[in-house]
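The values are calculated or read from the model by the stated rules, or taken from the named source; none is laboratory data. All of these numbers come straight from a predicted model, not from anything done at the bench. Positions of Cβ are backbone-derived with ideal geometry, glycine not excepted, and every protein chain shown enters the neighbour counts.
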Amino acid sequence: MGQHLSQLYSEHSSIAAVLGALSSLVKEVRDHGRQVNPEAFRAIVYYLDVFPEREHHHIEETVLFPRIRQRTHAADDVLDQLTAEHALGERAIRDLEQAFVRYEERGASEFPAFAAAAEVYVDRYRDHMRTEEERVMPIAERVLVADDWAAVEAAFASHRDPLQGVGSETDADTLFQRIVMLVPAPYGLGAAIDSE
């Protein structure tokens, strides 16, 4: 991992942790009949919508990807693919949100649809990050110059991942605390999952 991409990799790590929590909680309910506070799912879905889908992808599409395209055409196909996946991600997060609302409002009968939407979202997003890290980031490391990196770093510095670091109390910090406190142990600091 190059020093210039540390922020992107850090954000990917945070996103991966949240995806892992979502996947684990879905399995606890589906496979073990556990009761999970729906607010844990709500906080996770909210994070995935607000941070990765709206902020992280925006910086990739408006700063990082165009800078790579200016320096080489070697990544054009994969950048086109990733941009298309970002658009699909917007639809997928809406589908996940709607499936969650139906589950929250109508109860257990809607859980299988929510679980399926969550699994599709998690698998798609993990594949997406793997493609970025394995196919795009090595090209970025080779072709971007100091001015490009300054722009990329400034763009990533313009927002803060709610799951990164500590600092003054902000809405992002509050969101992070909410996710951590609502997600049940052993996946978070919330109350342990109860059996039905």
With within 18 Å of His4 (Cα to Cα) and surrounded by 14 or more Cβ atoms within 10 Å (Cβ to Cβ) as the only criterion, which of Asp95, Asp49, Asp148 stands out?
Asp148
Search the range 37-46 for residues being of a type outside the set (D, E, K, R) and surrounded by fewer than 20 Cβ atoms within 10 Å (Cβ to Cβ), and hand back the single one that is farthest from Glu110 (Cα to Cα).
Tyr46
On the basis of being in contact with a His (Cβ under 6 Å, 6 or more places away or on another chain) and modelled with pLDDT of 85 or more, does Glu28 make the cut?
no
By residue number, the members of the range 117-134 that are farther than 16 Å from His4 by Cα and either modelled with pLDDT under 95 or surrounded by 13 or more Cβ atoms within 10 Å (Cβ to Cβ) (or both) are Ala117, Ala118, Glu119, Val120, Tyr121, Val122, Arg124, Tyr125, Arg126, His128, Met129, Thr131
Taking Ser24 as meeting all but one of (1) touching a Leu at 6+ places or on another chain (Cβ under 6 Å); (2) more than 21 Å from Glu105 (Cβ to Cβ), write down the number of the exception.
(1)
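Among the residues of the range 61-82, which ones are among the β-branched types (Val, Ile, Thr) and without any contact (Cβ under 8 Å) to a residue 60 or more places away in the chain?
Hit for the range 61-82 is Val78, nothing else.
I'm trying to understand the selection: among the residues of the range 21-60, which are closer than 30 Å to Ile139 by Cα, out of contact with any helix residue (DSSP H, G or I) (no Cβ under 8 Å at 6 or more places or on another chain) and touching a residue at least 40 places away in the same chain (Cβ under 8 Å)?
Across the range 21-60, the qualifying residue is only Glu55.
Output yes when any residue across the range 126-135 is hydroxyl-bearing (Ser, Thr, Tyr) and more than 17 Å from Leu25 (Cα to Cα), and no when none is. Give the derivation first.
Restricting attention to the range 126-135, the residues satisfying the condition of being hydroxyl-bearing (Ser, Thr, Tyr) are 131.
Imposing the further condition that a residue be more than 17 Å from Leu25 (Cα to Cα) reduces the set to 131.
Scanning the range 126-135, I find at least one residue that is hydroxyl-bearing (Ser, Thr, Tyr) and more than 17 Å from Leu25 (Cα to Cα), so the answer is yes.
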